[in-house]
1. Quick one: what do you get for segment 87-150 if you divide its Cα Rg by 2.2 N^0.38 Å?
2. Which residues' amide hydrogens lie under 5 Å from the amide hydrogen of VAL99, considering only partners 5 or more residues apart or on another chain, with H built in the peptide plane?
3. Count neighbours as other Cβ atoms within 10 Å of each site's Cβ, and list the GluC sites (Glu not before Pro) in segment 38-85 that are DSSP loop with at most 15 such neighbours.
4. Would you mind ranking TRP75, TRP105, TRP52, TRP143 so that the residue whose beta carbon has the fewest other beta carbons within 10 Å leads the list?
5. Can you return the lysines within cross-link range of LYS42? Criterion is Cα-Cα under 26 Å, with same-chain partners fewer than 8 residues away left out.
6. Which order do peptides 111-118, 128-135 fall in by mean Cβ count within 10 Å, highest first?
7. So what's the net charge close to SER113: Lys and Arg +1, Asp and Glu -1, counting the other residues with Cβ under 13 Å from its Cβ?
8. Tabulate in residue order the Karplus-calculated ³J(HN,Hα) for segment 133-143, using 6.51 cos²θ - 1.76 cosθ + 1.60 with θ = phi - 60°, rounded to whole Hz; enter x for Gly and Pro.
Amino acid sequence: MKNFTRLLVAAALGLGLFVSPARATVDDALSFALEAMGKYIKGGYTLREDTWGGDLPEKEAKAISHQLFKGNDYWFCMGSDVNGSKISIHVYDSDGNLVEESNSWQDQKADGSYAGAEVKCKRTGTYFLIVKIEKSSEERTSWGLVYSYK
């Protein structure tokens with residue numbers, strides 16, 4: 001029984017070694033998202049603690065539902081640490097209408113990709129954040145998403 005327990009502990013530790021790099025990649029993607037958010041925080045926005053992250057294959061999107069409140073101005077920033085990738089974030093209301101402002105953006109740099117979407121919330125309700133990997137050289141591309149408001 002002791003040998004079996006040791007084997008389980010060794011397997012768990014070994015699995016942890018394989019899982020940790022994937023988590024670090026999402027952490028790196030969140031760092032890119034936070035970097036993109038910097039200019040909005042300097043402009044008076046308050047960073048929220050909620051973050052989202054994961055990995056997706058090219059051309060695949062993920063919907064995240066989130067409560068937004070009337071009268072607030074929000075910025076959502078997404079980042080990826082995959083070189084040459086192209087990512088996007090779009091925000092829709094519960095009726096399926098695109099609600100982001102026209103100054104939303106995407107940017108590619110040598111070390112990764114960034115995207116941002118602004119929402120000036122006209123009514124309180126559930127909104128849908130659609131994150132998408134538009135282009136990537138990787139089979140799965142890590143992404144991170146943060147937001148702020150004022």
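1. Working: Rg = 13.1 Å, N = 64, 2.2 N^0.38 = 10.7 Å.
Segment 87-150 yields a ratio of 1.22.
2. Under 5 Å from the amide H of VAL99 lie the amide H atoms of VAL91, TYR92, ASP93, each far enough along the sequence or on another chain.
3. Values: sites: GLU49, GLU58, GLU60; in loops: GLU58, GLU60.
Sites meeting the loop and neighbour criteria: GLU60.
4. On the way: TRP75 25, TRP105 14, TRP52 19, TRP143 32.
Sorted ascending by nearby Cβ count, the order is TRP105, TRP52, TRP75, TRP143.
5. Answer for LYS42, where 26 Å is the Cα cut-off: LYS70, LYS86, LYS109, LYS120, LYS122, LYS150, listed by chain and number.
6. On the way: 111-118: 22.2, 128-135: 19.2.
The most tightly packed comes first, giving 111-118, 128-135.
7. Numbers: positive: LYS86, LYS109, LYS132, LYS135; negative: ASP28, GLU35, GLU58, ASP81, ASP107, ASP111, GLU134, GLU138.
After counting each charged neighbour, the total is -4.
8. 8, 6, 8, 6, 8, 8, 5, 10, 10, 6, 9
Every number in this text was worked out from the coordinates using simple rules, so none of it is lab data. None of the values given here were measured: they were computed from a predicted structure. Neighbour counts run over all protein chains shown; Cβ positions are idealised from the backbone, glycine included.
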